[in-house]
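*Asks:* Let me begin by handing over the structure; questions about it come next.
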Amino acid sequence: MKTVSPAMSPTTKDSSGRPSLVRGLSLLDSVLLLVSGIIGSSIFLTAKDIATPLPAPVLFFGVWVLGGLISLCACVAFAELGSMFPDSGGQYIYLREAYGDLVAFLYGWMLFAVANGGTIAALSVASAAYLGNIVPAISQTRIVFSIAGIAFSRAHLAGLVLIVILTWINVVGLRWGALLQNISTWTKFAAMAVFVVLGFAIGKGHWSNFTSSAPGGLTMGLSTSQLISALGVGLIAVFWAYDGWVYITWVAGEVKEPRRNVPLAMVLGVLVVGAIYLAMNMTYVYAMPLSEVAKYETIAHDAAAVLFSPGAAGWLSAMIAISCFSAAATCTLSGARVYLAMAQDGVFFKRMAVIHPKWRTPAFSLIGQGIWAALLTMSGRYDQLYTYVIFGMVLSYTLTVIGLFVLRWKKPDLPRPYRCTGYPWLPGVYVLIGTAWTLNTIITRPAEAFWGATIVAAGVPGYLFWKWKRS
């Protein structure tokens, strides 16, 4: 006779008698979720944006290490917050507890409207587009129709199909969603490992590329203030590449032993990602000097052509397609949990607060997220929108780390199974760097900063509406 454990029973309910989420994610699931969510398409594209302002190898690699260390400073702060509030919603809950409903809502609004919805759209279309390099029938060059100057290709159509598949798999059960994510993540790891190992073993690269100096030497002839600004510009791309380590906090309500595993997964995940990023970028530089790296938008493709042959492009396209698909799977699984928490607080669509009685997933939140991601895909503006809100995302991380200090003061007696390592210095370092980076972005990229702030502010009427309905 088949037995079902109480934790996985479809009849398990919370104290109010409603169906509850399942704590079914292990530590390994959590680490893979975090790593998969971070490593999408950025590692294959961002080298140019970093090599251009920082064409010295030491600075080029150093900014990747710096980005990882800065992310870890935030992780240890988020880890304490995660141990205090081990529920689905993660950063939304931390902001709510520290600053109140409005700040938390605007963060959730930014995720739904652009950051997560746009990411799912972009990754799904990117996965289909790279797959189209192998299967011409879904090529991005095959235009289905055009509206208002926006061309809708077969890759966009295939991206819509991927969004439907990812949404449905996550609707019908946490275990199915986690299994899909884990398989795609291990496949991505294997492909990247083959690229790195074969690149150094049999690739036609040169070790001398690691010692080639930039014009003007290590500092490139820049003043201290110019060098700091150049590092800030490089960090824009690095922060984008590392963005996603917060995903595990969004699904904390479904992690086994969350007070232990959520903090541990964040630290382990960022360390793994940092090692992978360094290995990939070292392979690029082994293939060509930084002066050449700065010329190519699709650096992975061009590095593979130099190391192996132009015929490697098909294999590389498959690797990038898998990586994008894996990251889209993680975004789909985790993002819906934030909207679930918002709806349960009465500041979002009421239906999204419902947990499916059979599948024990936030089914309606997942479906709403999928519909919006599909609409963004149809709009063709998701990439442009996301460049605006990366500014808001880093600002939200900074505010959350500040919230750690606020909650130490507001709720000193709340249980903290994990206390922030290096408090107050490490979180303090992140606050200083995050604030400086935000100010630098406002100065160097004023248009992106303006539109990012506008997108966030556009959520205020929605907040007032839902607050009115709740009252």
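The values are calculated or read from the model by the stated rules, or taken from the named source; none is laboratory data. This structure is a prediction, so every number in the text was calculated from the model and none was measured. Backbone-built Cβ (ideal geometry, glycine too); neighbour counts: all protein chains shown. Ligands, DNA and RNA are stripped out before the accessible areas are found, and what is left, the full protein with its side chains, is counted by its heavy atoms. Shrake-Rupley method; radii C 1.70, N 1.55, O 1.52, S 1.80 Å.
*Asks:* Within segment 30-40, count every residue that is more than 19 Å from Phe61 (Cα to Cα) and either free of Cβ contacts under 8 Å to residues at least 12 places away in the same chain or out of contact with any strand residue (DSSP E or B) (no Cβ under 8 Å at 6 or more places or on another chain) (or both).
*Replies:* So the count comes out to 7.
*Asks:* OK, next. Can you tell me which residues in segment 29-80 are open to solvent by 10 Å² or more (accessible area, probe 1.4 Å) and part of a loop (DSSP other than H, G, I, E, B)?
*Replies:* Ser41, Leu45, Thr52, Pro53, Pro55
*Asks:* Taking segment 141-174 only, how many residues are open to solvent by 50 Å² or more (accessible area, probe 1.4 Å), closer than 30 Å to Leu340 by Cβ and either at pLDDT below 65 or touching a strand residue (DSSP E or B) at 6+ places or on another chain (Cβ under 9 Å) (or both)?
*Replies:* Total meeting the criteria: 1.
*Asks:* Condition check: open to solvent by 50 Å² or more (accessible area, probe 1.4 Å) and either at pLDDT below 90 or under 19 Å from Leu106 (Cα atoms) (or both). Does Leu376 satisfy that?
*Replies:* No; evaluated as a whole, the condition is false for this residue.
Table: residues versus (1) on the phi < 0 side of the Ramachandran plot; (2) among the basic types (Lys, Arg); (3) buried (at least 21 other Cβ atoms within 10 Å of the Cβ).
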residue	(1), (2), (3)
Phe308	yes, no, no
Gly314	yes, no, no
Ser323	yes, no, yes
Gly335	yes, no, yes
Lys358	yes, yes, no
Ile367	yes, no, no
Val406	yes, no, no
Lys411	yes, yes, no
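*Asks:* Could I ask something else about it? Identify the residue in segment 214-255 that is of a type in the set (Phe, Trp, Tyr) and either open to solvent by less than 40 Å² (accessible area, probe 1.4 Å) or modelled with pLDDT under 75 (or both) and, among all such residues, is nearest to Leu439 (Cα to Cα).
*Replies:* Among residues in segment 214-255 that are of a type in the set (Phe, Trp, Tyr) and either open to solvent by less than 40 Å² (accessible area, probe 1.4 Å) or modelled with pLDDT under 75 (or both), the one nearest to Leu439 (Cα to Cα) is Phe239.
*Asks:* Looking at this structure, is Leu432 modelled with pLDDT of 85 or more and part of a helix (DSSP H, G or I)?
*Replies:* Working: modelled with pLDDT of 85 or more: yes; part of a helix (DSSP H, G or I): yes.
Considered against the rule, which asks whether it is modelled with pLDDT of 85 or more and part of a helix (DSSP H, G or I), Leu432 comes out as yes.
*Asks:* Looking only at segment 337-352, which residues are surrounded by fewer than 24 Cβ atoms within 10 Å (Cβ to Cβ), touching a Phe, Trp or Tyr at 6+ places or on another chain (Cβ under 8 Å) and outside any loop (DSSP other than H, G, I, E, B)?
*Replies:* Matches in segment 337-352: Ala343, Arg351, Met352.
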